[in-house]
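The values are calculated or read from the model by the stated rules, or taken from the named source; none is laboratory data. The model shown is predicted, which means the values in this text are computed figures rather than measured ones. Virtual Cβ from ideal backbone geometry, glycine too; neighbours counted across all protein chains shown. SASA here: full protein model, heavy atoms, side chains in, ligands and nucleic acids out. Shrake-Rupley method; radii C 1.70, N 1.55, O 1.52, S 1.80 Å.
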Amino acid sequence: MSYQAPVRDILFTLEHICQIQTLAATKQYADLSPDLTQAIMGEAAKFTTQELASINRAGDQAGSTLADGVVTTAPGFKQAYAQFVEGGWQGLSFPEPDGGMGLPNALGVAFMDMLQAANMAFGLGPMLTMGAIEVLIQAGTPEQKQTWLPKLITGEWSASMNLTEPQAGSDVGALRTSAKARADGSFVLKGQKIFITWGEHDCAQNIVHLVLARTENSPAGTKGLSLFLVPKYLDDGAGNFTVRNDVFAIGLEHKLGIHGSPTCTMEYGGSTGAVGWLIGEEMRGMAMMFIMMNSARLNVGAQGVGIAERAWQQAYFYATERKQGKAADVDEIPAAIIHHPDVRRMLLDGKAKIAAARAIIYACGMAADLAEASGDAKIRARAKRREDLLTPLAKSFGTDIGVEVASMNVQVHGGMGFIEETGAAQHYRDARITPIYEGTNGIQAIDLAGRKLSMQGGLLFSEMIAEMRETVIACNEQKSPVFARIANQLERAVTTLQTTATWMADPARDRKDALSGATAFQTLCAHSIGGHYLAIGALAAAKLIRAKTGDGAYYQSRIELADYFASTYLAAVPALAEQVQVGADVIFAISIEGLI
Ligand SMILES: Cc1cc2nc3c(=O)[nH]c(=O)nc-3n(C[C@H](O)[C@H](O)[C@H](O)COP(=O)(O)OP(=O)(O)OC[C@H]3O[C@@H](n4cnc5c(N)ncnc54)[C@H](O)[C@@H]3O)c2cc1C
């Protein structure tokens, strides 16, 4: 059983949890209608399942290869990329005047969910191009926009993101690639970047590399970094991009997973010097790169959810077919393993986590849309705060559950999960990179607890907490046992979130104590907010059931999913709060020598 895009779950999340239709009140998205949303998601489902899911396995087995500086992608990738370009998918959420479809980011994220599920190694290329387009739209000069945007938006050209160097990973400020100004306003870059995703390949005619480098006499650390656009092919002066720039792939990584994605060591300026142009102001490179990274962080969250969905579906179908032993509620011996309570628990648990993470990432996309498109400055500012709060959660929670659900799939398959031929192992191997790149989840936790928590006097959190309390009231108003349970758990979780956030944000708090609890705090936030969004979905489902509209059994399952998440993950939030506050004394109690 290959991947089937979960269009019903995706539409439910967009329509009933994120209320995507409210965007139609903005000038930018005035044409958005439920029919349009459904049609786009339907087409996206067709494209991703038919063209991409089928070459996922071949991509894993054959991988990409490098010879003489040329990377050849896995069988089928080049043809699928041509289909991707023909469908206009790269431009889905970019403005129409720039050549895009002009649809909201929320739909872009939903498309990513399907794209990454169908073929994560393939999906990485378009994902990085999206980030580069975003940077050029927000910070490019009119000339840069005119030169680079049209073909990036069609997908005829792709892009890469170049931060990492051997000595500079999480610590980006340690990078050494240099950029020397030339009299004509361009720069010459020299240096080596490692782990560059889709840094070289045979699918697009040109590759636009966005490269962080250091100009002469710039200060040490991140303050001295600038962002450059360095194309693979330069203009020959007559508008033909045929002149080879001095940037080459000199190595290809052999990885645990995503074998179809070419992860390159890139050499800039190995002989004559790589020609590039500054994007934005000099020494504002990190701010520029953050535009790209915020887009990529959200989309990596979507990768986590996508891979979780694909693995979950595989687990579900295997569990209905594999027969073992006797189960209490069925006569058939041997019974399909889905009847065993522990297998059933694993499947429900995965389903609930995917639903919660999907809600968080789509809500983040929706916040980005409102932050840009609302006609009301107050709504824009509030939406920006929501986007800022949700971005690290989207990245970390989406990818954490990606690994967890892919692991669950292996477990449901038993020994066959560990054998490559079932394909369960590939999803697990592929998923494992997601909590690492785009800022490790540990770095996301520092961003959340160290930066986002104190931004604008804690407003990002207090607004969220106030909304969560409204959801508690709405659940209590349902006057049903299941909603009373959800309300009770959500109430405890939100109260715990508030007290833990206060503990974390206390200016007198020792930084080492706070950092020791940052990852647990991030999980606590994701579970509380994920439970809140599932409760909103359950409330909408109850309303639809009362109105006797649509698929009542499906809506009932949305209530049950929220109930399960509340009874397990929200219920465990107070214990997470204990972990947050454990303190550095405990974490550092055993010495480094004592640890071994
Ligand atoms: C397949 C793949 C694709 C990639 N694609 C790209 C790409 O396209 N472009 C690009 O520029 N890079 C890319 N990367 C690089 C990736 O972003 C880095 O690997 C990642 O940022 C982590 O850096 P590092 O590997 O040096 O790990 P390190 O920074 O050495 O981190 C090791 C561990 O220490 C922790 N750690 C480090 N510093 C701190 C701190 N201050 N506080 C707490 N914990 C800390 C980390 O969380 C991690 O657990 C890719 C990597 C891979 C493997």
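Kindly provide the set of residues from segment 126-170 that are of a type outside the set (G, A, S) and within 11 Å of the ligand (Cβ to nearest atom), ordered by number.
Scanning segment 126-170 gives M127, L128, M161, N162, L163, T164, E165, P166, Q167.
In summary, F94 fulfils each of the numbered conditions (1) in a helix (DSSP H, G or I); (2) open to solvent by less than 10 Å² (accessible area, probe 1.4 Å); (3) more than 30 Å from E267 (Cβ to Cβ) with the single exception of condition (1). Among the acidic types (D, E), in contact with a His (Cβ under 9 Å, 6 or more places away or on another chain) and modelled with pLDDT of 95 or more: does that describe D35? Against the criterion (among the acidic types (D, E), in contact with a His (Cβ under 9 Å, 6 or more places away or on another chain) and modelled with pLDDT of 95 or more), D35 does not qualify. Yes or no: segment 437-452 includes at least one residue that is more than 16 Å from the ligand (Cβ to nearest atom) and of a type in the set (S, T, N, Q). No - not one qualifying residue is present in segment 437-452.
Taken over segment 453-468, the residue count meeting the criterion of being touching a Leu at 6+ places or on another chain (Cβ under 9 Å) and part of a helix (DSSP H, G or I) is 7.
Do the conditions hold for I443, that is, is it in contact (Cβ under 8 Å) with a residue 12 or more places away in the chain, in a helix (DSSP H, G or I), within 22 Å of I291 (Cα to Cα) and among the hydrophobic types (A, V, I, L, M, F, W, C)? Yes; evaluated as a whole, the condition is true for this residue. Against the numbered list (1) in the same structural domain as T177 (by TED's automatic domain parsing); (2) open to solvent by less than 10 Å² (accessible area, probe 1.4 Å), A308 comes up short only at (1). Of everything in segment 64-86 that is in a strand (DSSP E or B) and open to solvent by 70 Å² or more (accessible area, probe 1.4 Å), the residue that is modelled with the lowest pLDDT is V70. On the stretch given as segment 180-196, residues that are away from the ligand (no atom under 16 Å from the Cβ) and not acidic (D, E) total 9.
Of G260, G239, G185, all but one fail to be part of a loop (DSSP other than H, G, I, E, B) and open to solvent by less than 10 Å² (accessible area, probe 1.4 Å); the exception is G260. All conditions but one from (1) within 19 Å of the chain's Cα centre (by Cα); (2) within 16 Å of the ligand (Cβ to nearest atom) apply to V247; the one that does not is (1).
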